[in-house]
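A.B. asks: My structure is below; once you've seen it, I'll send some questions.
Laboratory data are not the source of any read-out in this text; all were calculated from the coordinates shown. Because the structure is a prediction, the values reported are computed rather than measured. Virtual Cβ from ideal backbone geometry, glycine too; neighbours counted across all protein chains shown.
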Amino acid sequence: MSIDQHVLPGPEPVLNLPACHREEDEYEMVYHKPATMVDTAMHYCPGCAHSLVHKLIMEVVEEMDIQEQTVGVAPVGCSVFAYDYMDIDMQEAAHGRACAVATGIKRLMPDKYVFTYQGDGDLAAIGIAETLHAINRGENILIVFVNNAVYGMTSGQMAPTTLPGMHTTTSPDGRDVSYYGAPIKVSELMSNLPGSFYVTRQAVHNPNAVRRTKKALQNAFKYQQLHKGTCLVEIIGNCPSNWKMTPVEAAKFIDEEMVKTFPLGDIKVPNAEDLKIF
Amino acid sequence: MTEFKLMKGNEAMAEAAILAGCDAYFGYPITPQSEVLEYLAREMPKHNRIVMQAESEVASINMVYGAAGAGFRTMTSSSSPGISLMQEGISYIAGAELPCLIVNVNRAGPGLGTIQPGQGDYFQSTKGGGHGDYRMIVLAPASVQEMADFVYLGFDLAEKYRNPVLMLSDGAIGQMMEKVKFKPYTRPEVDKSGWATTGKPKTRKRNYITSLHILPEKMEEHNRHLEEKFKKIRENEVRFEEYNTADAEFLFVAYGLSARICQKAMDMARQKGIKIGLLRPITLYPYPYQRLNELASQVKLMLSVELNSGQMVEDVRLAVNGKVPVEFYGRMGGMMPTPEEIVHHLETLIQYHHVN
Amino acid sequence: MEQNNNSNPAGKERKVKGKVEIDIQRCKGCELCTTACKEHALTLSDTINIKGYRYILANNEVCTGCVNCALVCPDAVITVYRTHPKKKPVDITPTDIREQLQTIIVPAK
């Protein structure tokens, strides 16, 4: 063959060498750990909901690009070290007082995104007054409430949200409702206050639940711009260590038992009028 | 505001807070200091500042923590039972090294007590009150003028040392009306960007406010750092006032309201020929140990007069270290001693100790 | 064909492929991802990492890049990649021949 026969007809030369060319799958990254998380291992137990919820909050902060405008308030409990994992300015509050601390911050810096991160003892036992009054005042903050029905950090005592009959170190024969009362449904309770703007209860025990929780957190952060009241996102979490279960068993327990007392879903949503600007 | 005004102590303190540039006041009503909250509820909004009646003193002190942590100038006030509720928050504020001003308008106790003035919170104010190794700078005003002046001083000291400052007033000074002149004041610029939580820009690492140092090595290091700070405070911030001590053979030691009464008692005793002076500590922490020790070489007897069962007298004894007898005269429950009874007690003591 | 109980039993050419990278030193072996994976692509190792946890191993041959595992991972140790629907052409011509070809493929004037 002469050299001319390699030239193909047409205005432009086309490289047509199937032997020296292959098609490759083009991979794109579709999920990575958010850059707003500090690059360190987290101390939480294997399977703990806290690390998952930290990740979701930081994803929202990264996606909304509000790292510079966000201030968080950490509780006392297993997540007392939240400020070691979230790469934002944070304050460590005394046990139960996170909502009061957040009030101090938000009133002085109303344009910042302020959120508290609290467990069931912090928010519903020792801190119930501060929580209730912050919501009643309609503080424009987000309260992230991780409800795992026990006191985790102090090794598994009963919480205000412990299920009837649930065994904990201070209810060794199961929670006795006639002695201690029934578990408190914080979201329903607080949704009655006119200062609450968006109240929802979600979970993170399977991928779809995680997606819904992420959506709830995205909405809650967005709604802070409206200055119309408090957003409360209750997240049913697990505590594999103190429930004495594996993380997989704990996920099953949430599915079968926890959601009977704490049904998942939106409890109070803003009306369309309020959301018109979005 | 350069002319004299006739004002109640609590309200003078509130006005001074506004002039000092206080960004936020969080409080709860309690007798005898509810006027502070009421005055500020009326006046702060006119200056676009924050004033909030919180749901309790516990919430108030934690709101102060939040605002102080974000770098703002903030204060709260209460009276003895409410200050007891704030102790947890104060310990956290001291541990996290946040500047703020707390005012205690002392009333008689313990427990619910009464609404009349007392000085029974001396131990609580100077020896801790809350848990752990920390101190507060304690300023003790003895007049309405000082209640106003010490607000400026308190804020400045708090920001200088990143420590809470307590103004220990009482129910009489808070409620009485005297003339007061508000000195002109410019709020100093303080760089808080190294620690205040204002939102993390790309140019710095995240700031976080905490008093938790779980590793013992780190906790001890932090405690030592706080001790260094208190050492500097003791070296530089002692304040007191002396009256007639140049030729004194005897000495009253009293602060606040009891110092006012002792001034009259001192004049009466002098007329009777007793050469007595008065040392009035202005800072109860840091306490003027050194000056009292010096005076102990000069006088024959010291008498501590307080509205409690004997609290500051222990510090006088520490200062004097056995050089001279230190006696105590006190009334409690809101009862106030008259200058006459103090002088009478002084005379009895002088005879008893054979120090004529 | 090898029996595998994933969503593609006939073993047809998958349109969308995925792959995951696992930070095995941060993995705590909680197995929430193995339950979440519909392709059964994730298994627990028999060895341990420096923290003493058994960690997750991924079979990227059957991964579809659905992100379920990464969503439920509490420690965010999983990074997920997924193929773009288009394939991209990759030139694998050996370099010595490429230079020669450059001189040949020139439009004739």
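A.B. asks: Can you compute the charge dipole magnitude of the range B:1-135 about its Cα centre, using +1 on each Lys and Arg Cβ and -1 on each Asp and Glu Cβ, nothing else charged? Give it in debye, rounded to the nearest 20.
C.D. replies: That gives the range B:1-135 a dipole magnitude of about 140 debye.
A.B. asks: Taking 41 Å as R0, compute the FRET efficiency from the Cβ-Cβ separation of B:ASN321 and B:THR31 and round it to 0.05.
C.D. replies: 0.55
A.B. asks: Of A:GLY156, A:GLY119, A:GLY237, which has the largest mean-square fluctuation in a 10 Å C-alpha GNM of chain A?
C.D. replies: Evaluated over chain A, the most mobile residue of the options is A:GLY156.
A.B. asks: Once every DSSP H run of n ≥ 4 in chain B is given -39500 (n - 2.57) and the sum is divided by its residues, what mean residue ellipticity at 222 nm do you get, rounded to the nearest 500 deg cm²/dmol?
C.D. replies: That calculation yields -13000 deg cm²/dmol at 222 nm.
A.B. asks: About the Cα centre, and with charges only on the beta carbon of Lys, Arg (+1) and Asp, Glu (-1), how big is the dipole of the range A:63-105? Nearest 20 debye, please.
C.D. replies: Its charge dipole is roughly 360 debye.
A.B. asks: Say each of B:LYS179 and B:LYS275 gets a label point 7 Å from the Cα, pointing the same way as Cα to Cβ; how far apart are those two points in nm?
C.D. replies: Output for this residue pair reads 3.4 nm.
A.B. asks: OK, next. Out of A:PRO160, A:GLY96, A:MET245, whose Cα points farthest toward the positive end of the dipole of the range A:47-268 (charges: +1 Lys, Arg; -1 Asp, Glu; placed on Cβ)?
C.D. replies: The residue sitting most towards the positive pole is A:PRO160.
A.B. asks: Please give the length that would be gained between B:GLN351 and B:LYS46 if that part of the chain were fully extended, namely 0.36 nm times their separation in residues minus their C-alpha to C-alpha distance (nm, one decimal).
C.D. replies: 103.8 nm
A.B. asks: Between B:LEU257, C:THR64, A:MET86, whose Cα lies farthest towards the positive end of the dipole of the protein assembly as shown when Lys and Arg beta carbons carry +1 and Asp and Glu beta carbons carry -1, centred on the Cα centre?
C.D. replies: In the protein assembly as shown, that residue is B:LEU257.
A.B. asks: Taking the range B:257-312 on its own, what percent of its Cα-Cα pair distances exceed 15 Å?
C.D. replies: 56 percent
A.B. asks: Mind checking which of B:LEU37, B:LEU318, B:LEU346 has the largest fluctuation in a GNM of chain B, springs on alpha carbons under 10 Å?
C.D. replies: Per the Cα network of chain B with a 10 Å cutoff, B:LEU318 tops the list.
A.B. asks: How large is the dipole of chain B about the Cα centre if only Lys and Arg carry +1 and Asp and Glu carry -1, each at its Cβ, rounded to the nearest 20 debye?
C.D. replies: 820 debye
A.B. asks: Under 20 Å from a point placed 7 Å out from the Cα of C:ASN49 along the Cα-to-Cβ direction: which residues of the range A:71-106 have their backbone N that close?
C.D. replies: A:82, A:84-87
A.B. asks: Turning to a different aspect of this structure: So what is the calculated 222 nm ellipticity per residue for chain A, using -39500 (n - 2.57) for each DSSP H run with n of 4 or more, over all residues, to the nearest 500 deg cm²/dmol?
C.D. replies: So the calculated ellipticity at 222 nm is -8500 deg cm²/dmol.
A.B. asks: Loop by DSSP (not H, G, I, E, B), at most 10 other beta-carbon atoms within 10 Å: where is the longest site-free stretch of chain B for GluC sites (Glu not before Pro)?
C.D. replies: B:4-188
A.B. asks: Further question on the same structure: List the residues of the range B:107-135 whose backbone N lies under 18 Å from a point placed 7 Å from the Cα of B:GLU314 along the Cα-to-Cβ direction.
C.D. replies: B:109-111, B:119-135
A.B. asks: Just to check, using Stokes-Einstein with a Kirkwood Rh over alpha carbon pairs, what's the diffusion coefficient of the protein assembly as shown at 37 °C and 0.692 mPa s in µm²/s?
C.D. replies: Taking Rh from Cα pairs, D becomes 109 µm²/s.
A.B. asks: Treat each spin label as a single point 7 Å out from the Cα along the C-beta direction, and report the B:HIS131 to B:LEU6 distance in nm.
C.D. replies: Each label point lies 7 Å from its Cα, and together they span 5.0 nm.
A.B. asks: Further question on the same structure: Return the single residue from B:MET176, B:MET302, B:MET147 with maximal mean-square fluctuation; model: Gaussian network over chain B, springs between Cα atoms under 10 Å.
C.D. replies: Residue with maximal mean-square fluctuation among B:MET176, B:MET302, B:MET147: B:MET176.
A.B. asks: Could you calculate the contour length gain from B:LEU112 to B:MET336, that is, 0.36 nm times the residue separation minus the distance between their Cα atoms, to one decimal place in nm?
C.D. replies: Gain on extension, B:LEU112 to B:MET336, equals 78.8 nm.
A.B. asks: Send over the semi-axes of the range A:47-268's equivalent ellipsoid, whole angstrom and largest first, taken as the square roots of 5 times the C-alpha gyration tensor eigenvalues.
C.D. replies: After diagonalising the Cα gyration tensor, the semi-axes are 26, 18, 16 Å.
A.B. asks: For the residue pair C:VAL16 and A:GLU256, what label-to-label distance in nm results when each label sits 7 Å from Cα along the Cα-to-beta-carbon direction?
C.D. replies: With each label point 7 Å from Cα toward Cβ, the separation is 3.2 nm.
A.B. asks: Set the bar at 18 Å for Cα to Cα. Now go through A:LYS33/C:LYS15; B:LYS192/B:LYS218; A:LYS215/A:LYS268 and name every pair that lies beyond it.
C.D. replies: Long pairs (Cα-Cα over 18 Å): A:LYS33/C:LYS15; B:LYS192/B:LYS218.
A.B. asks: Same structure again: Picking from A:ILE128, A:ILE143, A:PRO110, whose Cα lies most toward the positive end of the charge dipole for the range A:47-150 (charges on Cβ: Lys, Arg +1; Asp, Glu -1)?
C.D. replies: A:ILE128
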